[in-house]
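Structure first, then comments.
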Amino acid sequence: MLEQAKPDQLVELVLPYLWVALADGRVPANVCVDACLTLRNAYGQLGVRAELLPVDLAIRNRDGSGVRYGSLTPSWTGSSWNGHCVLVLPDSDRFVDVTVEQFDEVREIGMGPMVGKTALSIDGDGSLMEPGAQVVLRRGDLTLTYTVAGPEVVASIVEHPEAVAHADGHRRTGVNVASYTLVALRGEGVRGRALQAPHPRLRALLRAVGDAPYEADEAGDVRFCLPDQTGQERWLRLVL
């Protein structure tokens, strides 16, 4: 599969490594929030702009029946967030629902995270698009309708004590996701195309790590063996 990867497939290629990095259980239980904050950090490491997007999700079957998840007015109950969120990548017009398979109907189809093209955008002042805007995607016989909850909800997520308390963990895991992705992108038949991707930071990182050996240390953090300014080899991590 990696041999067929293209530069514009970076969005999809990052996703499998999210689950590798989350597998050690360091990320807390609010799965969509934690996954999106982690993935936003991973994309940031690679120079890809990604923004959190709280949504209401309606899943409809072919016969018209369906279930609604999330909320247009999500809220916290203690340390648990009652809602659903995804990521929007405004520079590539992509929409990513990394935890869509937490919902039984979608998980039964077994196609992994939802990635789609979309007209979602970030306003000039940095705020997300208008509340109530929708994205409609299909998976198998299901129609998934995402309705945007609004930019004020983003602040209620990222500024909540639960999210703040785990911010370092999201960054740390995001670094590992990005590191695994760099390893995949430098593979034979992939590296040349990856270096054509429209992300200067990604290209710079690929050149910096080159073919350097890598390993996960005792804490599970990915490091590359690279020479320092004196030429001495050291085990180094990516730093955002």
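The values are calculated or read from the model by the stated rules, or taken from the named source; none is laboratory data. The structure presented is a predicted model; accordingly, all values stated were derived computationally and were not measured. Here the Cβ is made from the backbone with ideal geometry for all residues, glycine too, and neighbour counts use every protein chain on show. In case anyone asks, the SASA skips ligands and DNA or RNA and just uses the protein heavy atoms, side chains included. Shrake-Rupley method; radii C 1.70, N 1.55, O 1.52, S 1.80 Å.
Here are a few things to note about the model shown:
- Residues whose amide H falls under 5 Å from that of Trp76, counting only those 5 or more places apart or on a different chain, are Asn82, with hydrogens built in the peptide plane.
- The packing ranking, built from the mean of other Cβ atoms within 10 Å per residue, places the peptides 93-101, 34-42, 141-149 in the order 34-42, 93-101, 141-149, highest first.
- With a simple spin-label model that places each label point 7 Å from the Cα along the Cα-to-Cβ direction, the separation between Val183 and Arg107 comes to 2.7 nm.
- Modelled spin labels at Ala216 and Gln196, positioned 7 Å past Cα toward Cβ, are 3.3 nm from each other.
- In sequence order, calculated HN-Hα J values of the stretch 203-216 (Karplus, 6.51, -1.76, 1.60; Hz; x Gly/Pro): 4, 5, 5, 4, 5, 5, 7, x, 9, 4, x, 9, 7, 9
- Equivalent ellipsoid dimensions for the stretch 146-240 as semi-axes, Å, which come from the Cα gyration tensor, largest first: 31, 19, 11
- Between Ala155 and Arg237, the contour length at 0.36 nm per residue exceeds the Cα-Cα span by 26.5 nm.
- Measuring nothing but how far apart in sequence close Cα pairs (under 8 Å, 6+ apart) lie, relative to its length, the stretch 77-217 scores a relative contact order of 12 percent.
- Across Arg191, Arg171, the residue with the most accessible area heads the list, and the full order at a 1.4 Å probe is Arg171, Arg191.
- Residues of the stretch 70-97 with amide N under 18 Å of a point placed 7 Å along Cα→Cβ from Ala165: 75-83
- Ordering of 178-190, 73-85 by packing [mean C-beta count within 10 Å, highest first]: 178-190, 73-85
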